[in-house]
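Structure record follows, encoded as structure tokens.
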Amino acid sequence: MKINGNSIRPGNVIEHQNRLWRAVRIQHTQPGKGGAYLQVELKDLRSGTKLNERFRSSETVEQVRLDQKEFQYLYAEGDMHTFMDSVTYDQISLSTDLIGEERVIYLQDGMMVIIESFEGDPIGLNLPTQVALKVIEADAVVKGQTAASSAKPALLENGIRTTVPPHIESGTRVVVNTEDGSYVERAKD
């Protein structure tokens, strides 16, 4: 679907220079002389390289629609991660490079994820926004720090370091944000 160059929004996937790109960041710019343009930071969906490009409103770009399907995470074998379609029971394996090192650490057995594909070729994976993880190690609370809200460092079962409230101890399950690894709340399970 063709769209104007100034209609690109963060998260849009476009075809540019015969490759698929996801718009990461956009900035409208109106210089003193000359026409206004949209400065777009693009990330290649296959290689992960970044590109800054300018699009004017008179230009058109091809916006790509990705197929999204829900899969269940089964297991990891070396650098490959296997997922199963819960309707057809078809299995698909994705490499750590395609998923991303920073996202693989959040995968858990049985977790439901969305795999994005273009023309039958998987190109990305969307994790749930929050996951529950067990605290392996948490610093002790220092007496007298209760007057002001404070946080203490903690190590989670997937190796992520985050900060948690003082009442969280080792062995407690907590909910963390998969975007930045930040503490959300104590798990309710």
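The values are calculated or read from the model by the stated rules, or taken from the named source; none is laboratory data. Bear in mind the structure is a predicted one, so any value in this text is a computation, not a measurement. So basically every Cβ, Gly included, is an ideal-geometry build from the backbone, and we count neighbours across all protein chains shown.
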Taking the condition among the acidic types (Asp, Glu), without any contact (Cβ under 8 Å) to a residue 12 or more places away in the chain and surrounded by 12 or more Cβ atoms within 10 Å (Cβ to Cβ), does residue 119 pass?
-> no
Determine the pairs where a residue that is within 18 Å of residue 108 (Cα to Cα), located within the range 163-189, has a partner that is surrounded by 14 or more Cβ atoms within 10 Å (Cβ to Cβ) and of a type in the set (Gly, Ala, Ser) with Cβ atoms under 6 Å apart, the partner being 6 or more residues away or on another chain.
-> 173/132; 173/187; 174/187; 175/132; 175/187; 187/132
Of all residues in the range 8-27 being farther than 18 Å from residue 48 by Cα and at pLDDT below 90, which is surrounded by the most Cβ atoms within 10 Å (Cβ to Cβ)?
-> 8
Among the residues of the range 166-189, write down those that are over 21 Å from the mean Cα position of the chain (by Cα) and in a strand (DSSP E or B).
-> 173, 186
Hey, residue 70 exposed (fewer than 14 other Cβ atoms within 10 Å of the Cβ), over 15 Å from the mean Cα position of the chain (by Cα) and on the phi > 0 side of the Ramachandran plot or not = no
